[in-house]
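Trainee: Below is a structure I'd like to ask you about.
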Amino acid sequence: MKLSFYPRLALDGIRKNKRMYRPYILTCVGMVMMYYIIAFLCRSETVNAVRGGSVVREFLRLGSGIIAFFAGCFLFYTNSFLIRRRKKEFGLYNILGMGKRNIGILLFWENLLIALSAIAAGLGAGMLFSKLAELGLIRMLSGDVDYRLTVSAEAILSTGKVFGVIFALLFLSTLFQLKFMSAISLLHSESVGEKPPRANWLLGIVGAVVLGGGYYVALTAYDAISAIMYFFVAVLLVIGGTYLVMIAGSVVFCRVLQKNKNYYYKTGHFVSVSSMIYRMKRNGAGLASICILATMVLVMLSSTTSLYFGSEDSLRSSYPREQNLKFYMRDIEGLDQERLELFREDARSAALVYGTEPANCIDCRSISMAGYLDGGVLYTDPELVEGWAMSHASGYAGICVVNLIPVEDYNAMMGENEILEEDEVLIHADKVGVEQNMFSFQNGETYRIKRVVDQFVYTGDSDMSIVPMLTVFVPDLKAAAEKVASLGEKVQPEFRWIYGFDTEISEGQQIELSHKLRGIFWSEEKLEQYDYDSRIVGRAMNRADYYSLNGGLFYLGILLSIVFVFATVLIIYYKQISEGYEDQKRFEIMQKVGMTGREIRRSINSQLLTVFFLPLAGAGLHLVFAFPIICQLLLIFGLHNVELFAVTTVTGFLIFAVFYTLVYRITSNAYYRIVSGR
């Protein structure tokens, strides 16, 4: 047998099945291209030179791993469609004298030709678009653009290794499937349908309970810590529940339609429902996969879009003033007003250099400590706090940061004139509930809550921390410090002074002023004289870091969404094509007994509309229940603009719905052409 026989036969097999192989190869090319682009950006010196570029590269490195894993899983899934379609052909080869070994060689050449063409074309497209992707990312990060075209040998090698392994595993998997099938079973593999599945109510009920559990977890994540701890639990429950509900529920749904005589015994519905019943188990799994992929795309795009376009809001909430100074003193004496007045004068002198004075000031002294709140009692002993976290399923529920602030500072910043008795306090709660009328320390020191304050000037503390925060306004800070000292040596409170102000100078001058303030307050002379630590951050100074972080996430979200959309479209396409070939003979028979082309079209529309939009509806339902927990996760990144996230989520869903409908129209036409013989 000539050496060129197998390659020619392999090419002929791919050519004859081009309707099946063309989208598969194009998707392989797309996957290779996307992986190379991300691998290229991970190694780009231009990206690394941008401020925050190292963080973005880490995100992209994580994204390359996700794409490699997903590409492997997805190509295994789609390859199963191809092999199922080709089994009859392989069975015919076997009967004509070609042994399993020869079929294995044929498959090797087919797999090799597809792998080489996909990797080569994917790398070519990746090199072509990698510079465009780099320019887009640099533009998003507000960096300096470099128009030199470069190619990364490391990225090429990495891409070749990853997809070489994937295609090798695909080949071995196909060989394993064919090894245990006889020639007769291969010949009849296409005509072997599923047995009419029973309506498994128990499986459906279990799926509904699992799905409901995932929804419950998502809805009850009342703070960012709970969201972090239970997000992946909720995701796994929703994925498992979606598969169970759609596999079992779709069978039940078809059975209900079949029992409805007014619906079932109509020309447009009879054929479609009968066809669906015999493959709903597999059909349900495909619908569930589409639903999960659609949900992933919508969640990624809505959240990363909100983060990017809400970067300025996040920046302003984390740094409420242009200049933000925090001083950490050794004891309560460090918060003496005479000393702080000297610091204020230093800050004012630095601002005067630029022809401006501090305005819209935040000026706040505080004693801060961690603990857990239980029944209005604050427990601050570290051993008790650790024991609380270990003994509760929710872990950190109830744990919070408590800030004791003198009512004098509250009145100055809020323009109030509150007067407190020695045993009275005001309370401001952020992400933590206060239901009692009394507030006590663990040693028995008790305050009466005069009232709960709805608003307080943002100092940035609550937005920079994912831990709930309780602000207690006390009548006298020194007296409060004595009571904190009585809690024992294990409790180590922080004595802080927060000072922030705005100016009327340009962004560049703001950055210069931030550096000048650091030079003043970080000088050895100051530190030796007053013994403190400080954190001095300018909003303008950190703007680039915020945009690079959120821009990197947004960019990664776009790239991953493109990959998942590829997968969604291909699953829908193969679902339509494979079902079209399965139904072709049924519709041929129906046409012979008088079914018209118009009736065929109506039956097809009935079948597709019955199940096709279930994944979209399921994705929308998942989004509704995922909204609260995603909002809590976005708080970690400083995004408090719930309205922005809601708008991007709804807009993203509507755009995706339009795209989904277009895919439906295109694939339904392909299905119609197959079953009608046109």
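Trainee: Report, by residue number, each residue of the range 473-487 that is modelled with pLDDT of 85 or more, in a helix (DSSP H, G or I) and charged (D, E, K, R). Spell out the reasoning first.
Mentor: Initial filter on the range 473-487 (modelled with pLDDT of 85 or more): 473-482.
Now restrict to residues that are in a helix (DSSP H, G or I): 477-482.
Hits for the range 473-487 are Lys478, Glu482.
Trainee: For the range 30-66, how many residues are buried (at least 21 other Cβ atoms within 10 Å of the Cβ), farther than 14 Å from Leu549 by Cβ and not small (Gly, Ala, Ser)?
Mentor: 11
Trainee: Going through the range 213-230 one residue at a time, which ones are among the β-branched types (Val, Ile, Thr) and at pLDDT 80 or above?
Mentor: If the condition is that a residue be among the β-branched types (Val, Ile, Thr) and at pLDDT 80 or above, then Val217, Thr220 are the ones that fit.
Trainee: Among Leu426, Leu384, Leu470, which is the only one that is modelled with pLDDT of 85 or more and aliphatic (A, V, I, L, M)?
Mentor: Leu426
Trainee: Now a separate question. Does Arg518 fit the bill of being modelled with pLDDT of 90 or more and under 40 Å from the mean Cα position of the chain (by Cα)?
Mentor: Details: modelled with pLDDT of 90 or more: yes; under 40 Å from the mean Cα position of the chain (by Cα): yes.
It is true that Arg518 is modelled with pLDDT of 90 or more and under 40 Å from the mean Cα position of the chain (by Cα).
Trainee: Are any residues in the range 15-36 within 27 Å of Tyr581 (Cα to Cα), in contact with a Leu (Cβ under 7 Å, 6 or more places away or on another chain) and among the aliphatic types (A, V, I, L, M), and if so, which ones?
Mentor: Hit for the range 15-36 is Met20, nothing else.
Trainee: List, please: which pairs have Cβ atoms under 8 Å, are six or more places apart or on different chains, and start with a residue in the range 527-542 that is in contact (Cβ under 8 Å) with a residue 40 or more places away in the chain and closer than 26 Å to Ser314 by Cβ and end with one that is outside any helix (DSSP H, G or I) and among the charged types (D, E, K, R)?
Mentor: Within 8 Å, the pairs are Ser534/Lys326; Arg535/Lys326; Ile536/Lys326; Gly538/Glu322; Arg539/Arg321; Arg539/Glu322; Ala540/Glu322.
Trainee: Output yes when any residue across the range 613-624 is at pLDDT 75 or above and over 21 Å from Ala285 (Cα atoms), and no when none is.
Mentor: For the range 613-624, residues at pLDDT 75 or above and over 21 Å from Ala285 (Cα atoms): present.
Trainee: Looking at the range 133-176 only, could you name the residues that are touching a Ser or Thr at 6+ places or on another chain (Cβ under 9 Å), acidic (Asp, Glu) and modelled with pLDDT of 80 or more?
Mentor: Glu134
Okay, residues lined up against (1) closer than 25 Å to Arg339 by Cα; (2) loosely packed, with under 15 Cβ neighbours inside 10 Å; (3) modelled with pLDDT under 90:
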position	(1), (2), (3)
Trp497	yes, no, no
Asp502	yes, no, no
Lys526	yes, no, yes
Arg543	no, no, yes
Tyr546	no, no, yes
Asn550	no, no, yes
Phe554	no, no, yes
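Trainee: Let me ask something else. Of all residues in the range 287-346, how many are surrounded by fewer than 22 Cβ atoms within 10 Å (Cβ to Cβ), outside any helix (DSSP H, G or I) and either at positive phi or basic (Lys, Arg) (or both)?
Mentor: The qualifying residues number 2.
Trainee: Looking at the range 231-245, is at least one residue assigned to a helix (DSSP H, G or I), over 30 Å from Phe90 (Cβ atoms), more than 32 Å from the chain's Cα centre (by Cα) and modelled with pLDDT of 65 or more?
Mentor: no
Trainee: Can you find a residue in the range 355-362 that is closer than 30 Å to Phe521 by Cα and in a helix (DSSP H, G or I)? Full working, then the answer.
Mentor: Taking the range 355-362 as the starting set, the residues that turn out to be closer than 30 Å to Phe521 by Cα are 355-362.
Now restrict to residues that are in a helix (DSSP H, G or I): none.
Checked the range 355-362: no residue is closer than 30 Å to Phe521 by Cα and in a helix (DSSP H, G or I).
Trainee: While we're on this one: Taking into account only those residues within the range 429-467 that are more than 15 Å from Ala370 (Cα to Cα) and charged (D, E, K, R), which is modelled with the lowest pLDDT?
Mentor: The residue in question is Asp463.
Trainee: Still on this structure, I have one more. Taking the criterion of being within 19 Å of Leu614 (Cα to Cα) and either β-branched (Val, Ile, Thr) or in a helix (DSSP H, G or I) (or both), would at least one residue in the range 548-561 satisfy it?
Mentor: no
Trainee: Just to verify a result, which residue in the range 501-525, among those that are in contact with a Phe, Trp or Tyr (Cβ under 8 Å, 6 or more places away or on another chain) and of a type outside the set (A, V, I, L, M), is nearest to Ser318 (Cα to Cα)?
Mentor: Thr503
The values are calculated or read from the model by the stated rules, or taken from the named source; none is laboratory data. Keep in mind the model is a prediction, meaning the values are calculated, not measured. All Cβ positions, glycine included, derive from the backbone under ideal geometry; neighbour counts span all protein chains shown.
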